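For reference, the structure is listed below as structure tokens.
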Amino acid sequence: MMIRRREWLATVGAAAATGWPASGFAQALDKPVRLIVAYGAGSATDTLARFLADRISKLGGRPAIVENKPGADGNIAAEAAVRASQDMYTLLVSGSSTHAANAAIYKKLPFDPESDFTPMSTLANAPFILLVNPQRIHQRSFKEFLDWARAGGGRDLSFASTSVGNRVAGERFRQVANLKAVNVQYRTSSQAMTDLLGAQFDFYFCDVATALPQVKAGKAIALAVSVRERLASLPEVPTLAESGFPDFDIASWIAMWSAVASTPPQVSARMAQWASAALDSTEGREFVLGKGLLPAASGPTALATLQRRDTEIWGKIIRETGMQQ
């Protein structure tokens, strides 16, 4: 989505109020930038952060360094960001785990998702595709699969997860569809896909980048998508919302925050604008879509609203389905 003009004008106004004129958005930075990434090298979050780091470095005239600190559903990276020294502008590139789900999953966090961070911009959404293995599941439409799953077949179903996001999607589907199903956790999407193709479990809410090649090859069947609008890459696959679950709309999202203790507000506003400009460009949109993501660049207000919304919605799902640690 394009950054709202009203929100952008408000951002510029806020920057001016701190003594930073609107023209300052074209000026060089006075310190290097550190982007702390909550997931490992090669992940969608990492590649997106590196794309932005290159643009920020060119626009700001200072190095933009990416540091991967994976682990604990992003908590390690978030804590590192709030504890970072002030010799660099420190940004966190993370998403719906650290800033929506983890407050419900973990009894205590080493950071406060709201007070320790200043929202800058959403970057992209990561929808999920409901997959089954055609050798294990013989139904070829979502309705046929749901009827079969509800019939039980004399056993509990099983579903894979590799992240907080697709675990929430799977648990919510189990909940609203009134299915008996147990979760099987994997460390990576590739590991889960290997076992899906090996018919080791029943269904999987898979990220688009991992799912698409297997669907196109006929090795996996796509039954539905987890967001409200159909995917351009699989236009024939219905959404869960149009398949009997009108409120179903779950996707992970990637966003960028400044660590309040180390990044001045005027610099946060400037880099939020740079991020939106980079991702709203033709090159940026093509890059995001190529990673199996949906472009979703916006400003600080939209990110803060999204964060509060999914903290409530995801938190309710997590508590009701027993995902707490």
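Below is a table of values for the structure above.
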{"item": "All positions within the range 192-235 that are assigned to a helix (DSSP H, G or I), touching a Lys or Arg at 6+ places or on another chain (Cβ under 9 Å) and in contact (Cβ under 8 Å) with a residue 40 or more places away in the chain", "result": "Leu196, Leu197, Val208, Ala209"}
{"item": "Qualifying positions in the range 260-304 - surrounded by fewer than 21 Cβ atoms within 10 Å (Cβ to Cβ), among the hydrophobic types (A, V, I, L, M, F, W, C), part of a loop (DSSP other than H, G, I, E, B) and out of contact with any Phe, Trp or Tyr (no Cβ under 7 Å at 6 or more places or on another chain)", "result": "Ala261"}
{"item": "Residue satisfying condition, being out of contact with any Asp or Glu (no Cβ under 8 Å at 6 or more places or on another chain), among the β-branched types (Val, Ile, Thr) and open to solvent by less than 10 Å² (accessible area, probe 1.4 Å), within set Val132, Val168", "result": "Val168"}
{"item": "Wholly within the range 1-96, helices (runs of 4 or more DSSP H) carrying at least 3 residues that are open to solvent by 30 Å² or more (accessible area, probe 1.4 Å), at pLDDT below 90 and over 26 Å from Leu109 (Cβ atoms)", "result": "5-17"}
{"item": "Pairs with Cβ under 6 Å, 6+ apart, first in the range 161-177 and in a helix (DSSP H, G or I), second open to solvent by 30 Å² or more (accessible area, probe 1.4 Å)", "result": "Val164/Asp73"}
{"item": "Count - residues of the range 177-203 that are open to solvent by 50 Å² or more (accessible area, probe 1.4 Å), more than 15 Å from Arg136 (Cα to Cα) and out of contact with any Ser or Thr (no Cβ under 9 Å at 6 or more places or on another chain)", "result": "2"}
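Per-residue answers, yes or no, for (1) touching a residue at least 12 places away in the same chain (Cβ under 8 Å); (2) charged (D, E, K, R); (3) open to solvent by 50 Å² or more (accessible area, probe 1.4 Å):
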| residue | (1), (2), (3) |
| --- | --- |
| Lys107 | yes, yes, yes |
| Ser115 | yes, no, yes |
| Glu144 | no, yes, yes |
| Ser158 | yes, no, no |
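The values are calculated or read from the model by the stated rules, or taken from the named source; none is laboratory data. Since this is a predicted model, take the numbers as computed values, not measurements. Glycine also receives a Cβ, built like all others from the backbone with ideal geometry; neighbour counts cover every protein chain displayed. Only protein heavy atoms, including side chains, enter the accessible area calculation; ligands, DNA and RNA are left aside. Shrake-Rupley method; radii C 1.70, N 1.55, O 1.52, S 1.80 Å.
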